[in-house]
Amino acid sequence: MNIRIFALAALIWVSLSASLTVNGAPQTPEEREQWMTEMRQYKRIYLTKELELTREQQTKFYPLYDEMEDNEAKINDEARAMEKRVAEMQNPSDLEYEKATEAVYDAAVRSAQLEREYMDKFKEILSHKQLFRLKAVERQFNREMMKQHHRLRTKVKATEK
């Protein structure tokens with residue numbers, strides 16, 4: 001079973017790499033959407049393996065987890081949009097800077113509150129150990145993705161020379 005998980009993860013990673021442009025980032029909205037879908041699939045494989053989720057847990061957990069991530073993305077997108085608007089202004093006022101700053105910091109607070117709400121929902125699905133490990137496994141996944149991104153960029157830069 002572990003070999004199948006690793007093989008599937010490797011296949012997804014190869015397809016992720018193939019779907020990226022030369023500079024390593026999706027360029028069109030369609031490419032970005034495909035990339036996000038593939039990342040979500042890869043993350044599911046990773047979480048399933050690392051948290052040792054049963055099929056029943058996966059069926060109940062992932063719809064909630066995806067919902068939480070979608071809500072977090074909305075929160076962060078709103079804050080980034082406001083930040084971008086102010087950054088692109090010719091002469092923003094102090095009030096505009098203040099409101100944009102508050103939006104960025106409030107987004108972090110809202111995301112934390114959202115995660116806390118979902119933690120209570122996850123308690124009904126995951127064991128205490130799995131729930132405890134969830135944040136650490138998410139950080140581990142993000143570190144792995146950053147390493148892969150760095151390797152890909154290094155490889156692209158080397159071929160450009």
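The numbers here are math on the coordinates, done by the rules we state, and not lab data. Quick caveat, the model's predicted, so the values are computed rather than measured. Ideal geometry is used to build each Cβ from the backbone, glycine not excepted, and the neighbour counts take in all protein chains shown.
What is the ratio of the Cα radius of gyration of region 57-125 to 2.2 N^0.38 Å, where N is its residue count, to two decimals? Walk me through the numbers before you get to the answer.
Working: Rg = 15.9 Å, N = 69, 2.2 N^0.38 = 11.0 Å.
The value comes to 1.45.
With r defined as the distance between the Cβ atoms of Ala108 and Arg55 and R0 fixed at 35 Å, what FRET efficiency is calculated, to the nearest 0.05?
Working: r = 34 Å, r/R0 = 0.99.
FRET efficiency, Ala108 to Arg55: 0.50.
Report the FRET efficiency, 1/(1 + (r/R0)^6), for Glu96 and Leu152, where r is their Cβ-Cβ distance and R0 is 41 Å, rounded to 0.05.
Working: r = 37 Å, r/R0 = 0.91.
In this case the efficiency is close to 0.65.
Under a point-charge model restricted to the Cβ atoms of Lys and Arg (+1) and Asp and Glu (-1), what is the dipole moment magnitude of region 57-125 relative to its Cα centre, in debye to the nearest 20?
Values: 10 positive and 18 negative charges, 33 e Å.
The dipole of region 57-125 has a size of about 160 debye.
What is the sum of charges, Lys and Arg at +1 and Asp and Glu at -1, for the other residues whose Cβ falls under 12 Å from the Cβ of Lys84? Intermediate values should be presented prior to the final figure.
Details: positive: Arg80, Arg85; negative: Asp77, Glu78, Glu83, Glu88.
That works out to -2.
Could you give the nm distance between label points at Glu124 and Arg143, where each point is 7 Å from its Cα heading toward the beta carbon?
Rounded to a tenth, the inter-label distance reads 3.3 nm.
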